[in-house]
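In what follows, a structure is listed as structure tokens, so that the remarks can point back to it.
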Amino acid sequence: MKKFHIAISTNRIEETIADYSSRLGIQPCSTIPGEYALWRTESLNISVRKDPDHDAGTLRHLGWEDSTALEFSEDTDVNGITWERFSEQHQAHEINDLWPGANYQP
């Protein structure tokens, strides 16, 4: 199964978490205080992150959470947008590598 992935940059993480939780009707499944949040619905995987390399409110990248992905991959489309493909386990591993205290378990 594939879930569309959207990653957005923010400089207002707490307000963004409250806003997106309201819009999606669920709380994030992973939160790193002051840094990051991830929501997973039946069809969507969305993350927000404080990211000094991107302006607030801009797209960080797009992609697919794909249960058949054997490894994490990334490429760039004709518009310069980065697309990732990963499994739920790949994403959990990335979260736990970036923030060792996260202990995110899908």
| Of everything in region 27-52 that's within 17 Å of ARG85 (Cβ to Cβ) and surrounded by 19 or more Cβ atoms within 10 Å (Cβ to Cβ), which residue is nearest to the chain's Cα centre (by Cα)? | SER47
| Within region 10-17, can one find any residue that is of a type in the set (S, T, N, Q), within 15 Å of ARG60 (Cα to Cα), at pLDDT 95 or above and in contact with a helix residue (DSSP H, G or I) (Cβ under 7 Å, 6 or more places away or on another chain)? | yes
| HIS54 being part of a strand (DSSP E or B) and of a type outside the set (S, T, N, Q) | no
| field | Selection count, region 14-26, where residues are surrounded by fewer than 19 Cβ atoms within 10 Å (Cβ to Cβ), of a type in the set (A, V, I, L, M, F, W, C) and either assigned to a helix (DSSP H, G or I) or in contact (Cβ under 8 Å) with a residue 40 or more places away in the chain (or both) | value | 2
| Test result for HIS90, under 13 Å from the mean Cα position of the chain (by Cα) and assigned to a helix (DSSP H, G or I) | yes
| Being surrounded by 14 or more Cβ atoms within 10 Å (Cβ to Cβ), among the polar types (S, T, N, Q) and out of contact with any helix residue (DSSP H, G or I) (no Cβ under 8 Å at 6 or more places or on another chain), is that true of even one residue in region 60-78? | yes
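The values are calculated or read from the model by the stated rules, or taken from the named source; none is laboratory data. Computed from a prediction, not measured in an experiment: that's the story for all the values here. Cβ coordinates were reconstructed from backbone atoms using ideal geometry, including for glycine residues, and neighbour counts include every protein chain displayed.
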